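Read through the structure below, which is laid out as C-alpha cells, and then see the notes.
Every number in this text was worked out from the coordinates using simple rules, so none of it is lab data. Since this is a predicted model, take the numbers as computed values, not measurements. Note that we place each Cβ from the backbone using ideal geometry, even for glycine, and neighbour counts take in every protein chain shown.
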Amino acid sequence: MRDLGKLEDLPQEYRDALTEQNLVPLWPSLRGVMPPHKPSPRTQPTVWRYANIKPLLIEAGELTPIEKAERRVLVLANPGHTLEKMQASSAIYLGMQLLLPGEWAPAHRHTPNAIRMIVEGEGAYTTVEGEKCPMSRGDLILTPTGMWHEHGHDGTDPVIWLDVLDLPIVYYIEASYHEESGKQEQSKNSNGSKYRFGGVVPTPMFDRSNKPYAMYRYPWMDVRQTLVTMGEDFPEMDFLQVTYINPETGLDAENILGFYAMMVRPGQQVSLPVRSPAMVFHMIEGSSEITISEQSFQLIKADTCCAPGYTPVQIKNTSSTDPCFIFIADETPLHKKLGVFENRTK
Ligand code: GTQ
C-alpha cells in the first residue's frame, strides 16, 4: 500500500491558508476514511447486563417523575462511539424504558423508527395510531416513522422494555424531529388480529389495510411457537431464525433496521455469516455464550450485547436441557437499500 503524505509534512503557513478557505487536504486522511480491505468500526463488542440496569432504572423511577422525563429511559451506549452519542452502533440506538403503575408517557411521533421488546412486567400497553397494543414479555411492538404512540400502564408492578430505534442514522442525516399531541382516541383492541396467522391476509374488498404498516404487535407466544415447530419439522437444521415482516408487503417490518428471533437448541453452537451490518442480541429466554471476534460474553435472560459488522459471531446455548431464544436487531435493510450490504461467508 502506498505511503501517503502527512499533515505535518505541509508548511504551517499553507495549512493555515487552507483552513482560512474551509479547505482540507485529502491525502493525510484518505486511509482513515477508507481503510484497506475492511472498515475499522467504532462499534465495540459490548454487553449490558439486566441485573445491572434494572436497579438503576428503578432508582430513576424514584429520582425523576415521568412528567420530567417524558420517556424514562437509560440508554445502552457503546463506549466505542463515546457514551454521549447514545449509540449502540452507527445506526442502532438501544434504551431500557421503565413505566410505573398508573404512569402515562404522552403521545408523540417522530421520524426515527422505533420498536419495543418487552422485558418484564404485565399490564402496560402502547397505543399506536389509536390501536391499543398490550405489552407482554417477548412481544414486539412497532412504532414506525411518523406513527403516533403513547405508553400507559394499568398493572400493579413496574414494566420494563427495550427500545430499539434507528435514531443515530436518522439524526446523522439531519432528519430527526418529533411532534407532540394529547391522548389518542383508542380504537377497539384489534392487536393486528387480521394478520395474526401466517399464510392468510384480509381479502381486499373486505378489510385490506391501506396503511403503510399493517401490523404493530407481534405476540411472543406466536413467534416462539413458530420456532419450536420449525425445530421439530427440521431436526437437521441448527440455525432456526424468523424475520419480523410487514404481512402486507412481505418486506422487513421497518425500513432501516431488521428484526429477527432465533432459537438455539440445547448445547448447540451456531456460527453466524460474516456480514457488513452491525447486530444486537437480546436474550428473551434461556442462556447463551456469544463470541464476537475474540470476546465472549455469558448472557442470561434479559441481557443485551452488540457486535460490529464484518465480524464473526458464534452463539452457544449454554444449557444442555433447554432451548434459548434470542431477539436480534440489525442494520441489514439499511445496508441493502444503500447497496453496501456484503456477506463474506465463504
Ligand atoms: O418510547 O417513544 O427510548 O421517543 C427514545 C425515544 C423511547 C418512546 C426511546 C422515544 C421513545
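Answer with one residue from 155, 61, 112: the one whose Cα lies farthest towards the positive end of the charge dipole of the chain, charges on Cβ with Lys, Arg +1 and Asp, Glu -1.
It is 112, whose Cα lies furthest towards the positive end.
So what is Rg over Rh here for the chain, counting just Cα atoms and using Kirkwood for Rh? Don't skip to the answer; put the middle values down first.
On the way: Rg = 22.1 Å, Rh = 21.8 Å.
Rg divided by Rh gives 1.01.
In deg cm²/dmol, rounded to 500, what helix-only [θ] at 222 nm does the chain give when every DSSP H run of at least 4 residues adds -39500 (n - 2.57) and the total is split over its residues? Each step should come with its number before you reach the end.
Numbers: 8 runs with 62 residues, N = 346.
Roughly -4500 deg cm²/dmol at 222 nm, from the helical runs in the chain.
Using the crude model of +1 on Lys and Arg Cβ and -1 on Asp and Glu Cβ, and no other charge, please compute the dipole size for the stretch 132-192 relative to its Cα centre, in debye to 20.
On the way: 4 positive and 10 negative charges, 55 e Å.
For the stretch 132-192, the charge dipole is close to 260 debye.
For the chain, which longest stretch is free of loop sites, where a loop site is one of the chymotrypsin sites (Phe, Trp or Tyr not before Pro) that DSSP puts outside H, G, I, E and B and that has at most 11 other Cβ atoms within 10 Å?
Within the chain, the longest run free of exposed chymotrypsin sites (Phe, Trp or Tyr not before Pro) spans 1-176.
May I ask you to evaluate 6.51 cos²θ - 1.76 cosθ + 1.60, the Karplus curve with θ = phi - 60°, for each residue of the stretch 243-254 and list the ³J(HN,Hα) values in order in whole Hz, giving x for glycine and proline?
10, 6, 10, 7, x, 7, 10, x, 8, 3, 4, 10
Once the other residues with Cβ under 12 Å from the Cβ of residue 322 are scored (Lys, Arg +1; Asp, Glu -1), what is the net sum? Numbers along the way, then the final one.
Details: positive: 265, 301; negative: 285.
Spelling it out: positives minus negatives among the neighbours equals +1.
In the stretch 212-311, what GluC sites (Glu not before Pro) fall in a loop by DSSP, with at most 16 other Cβ atoms inside 10 Å?
Details: sites: 232, 236, 248, 254, 285, 289, 294; in loops: 236, 248, 254, 294.
Loop-located and lightly packed - 236, 294.
Taking the Cα centre as origin and putting +1 on Lys and Arg beta-carbons and -1 on Asp and Glu beta-carbons, what dipole magnitude results for the chain, to the nearest 20 debye?
Details: 32 positive and 43 negative charges, 134 e Å.
With Lys and Arg at +1 and Asp and Glu at -1, about 640 debye.
Can you pull the one-decimal nm distance between simple spin-label points at residue 226 and residue 343, each 7 Å off the Cα toward Cβ?
1.9 nm
Give me the tail of P(r) for the stretch 202-320 as a percent: Cα-Cα pairs with distance above 24 Å. List each step's numbers first, then the result.
On the way: 2493 of 7021 pairs.
That fraction is 36 percent.
Would you mind classifying the stretch 119-188 by shape? Square roots of the alpha carbon gyration tensor eigenvalues, ordered a ≥ b ≥ c; an a/c under 1.5 is rounded, otherwise it is prolate if a/b is larger than b/c and oblate if not. Intermediate values should be presented prior to the final figure.
Details: a/c = 2.43, a/b = 1.45, b/c = 1.67.
Taking the square roots of the gyration eigenvalues as a ≥ b ≥ c, the stretch 119-188 is oblate.
Under 13 Å from the Cβ of residue 260, count the other residues' Cβ atoms, weight Lys and Arg +1, Asp and Glu -1, and hand me the total. It would help to have the intermediate numbers written out before the result.
Numbers: positive: 275; negative: 252, 254, 330, 331.
Neighbourhood net charge equals -3.
In nm, to one decimal, how far is the modelled label at residue 71 from the one at residue 294, with both set 7 Å along Cα→Cβ?
It works out to 3.7 nm between the two label points.
Spelling out what I want: for every residue of the stretch 88-99, take phi, set θ = phi - 60°, compute 6.51 cos²θ - 1.76 cosθ + 1.60 (Karplus), and round to whole Hz; glycine and proline get x.
Per-residue couplings from phi come out as 8, 8, 5, 10, 10, 10, 10, x, 9, 10, 10, 10 Hz.
Dividing the alpha-carbon radius of gyration of the stretch 1-149 by 2.2 N^0.38 Å (N being the number of residues), what value is obtained?
Details: Rg = 22.6 Å, N = 149, 2.2 N^0.38 = 14.7 Å.
With N residues counted in the stretch 1-149, Rg over 2.2 N^0.38 Å equals 1.54.
On full extension of the chain, what length is gained from residue 7 through residue 24, given 0.36 nm per residue of separation minus the C-alpha to C-alpha distance?
On the way: separation 17, 0.36 × 17 = 6.12 nm, distance 0.98 nm.
Here the segment from residue 7 to residue 24 would lengthen by 5.1 nm.
Give me the distance in nm between label points sitting 7 Å out from Cα along the Cα-to-Cβ direction at residue 201 and residue 239, one decimal.
2.7 nm
Exposure proxy check: 111, 126 ranked by fewest other beta carbons within 10 Å? Intermediate values should be presented prior to the final figure.
On the way: 111 16, 126 25.
Fewest-to-most Cβ neighbours within 10 Å comes out as 111, 126.
Take the residue pairs 68/211; 6/38; 132/183 and return only those whose Cα atoms are more than 24 Å apart. Could the numbers behind the result be given before it?
Values: 68/211 33 Å; 6/38 22 Å; 132/183 12 Å.
Where the Cα-Cα span goes over 24 Å, the pairs concerned are 68/211.
Report ³J(HN,Hα) in whole Hz for each residue of the stretch 325-337, in order, from the Karplus equation J = 6.51 cos²θ - 1.76 cosθ + 1.60 where θ = phi - 60°; Gly and Pro get x.
With coefficients 6.51, -1.76 and 1.60, one gets 10, 10, 8, 10, 10, 8, 9, 4, x, 4, 4, 5, 5 Hz.
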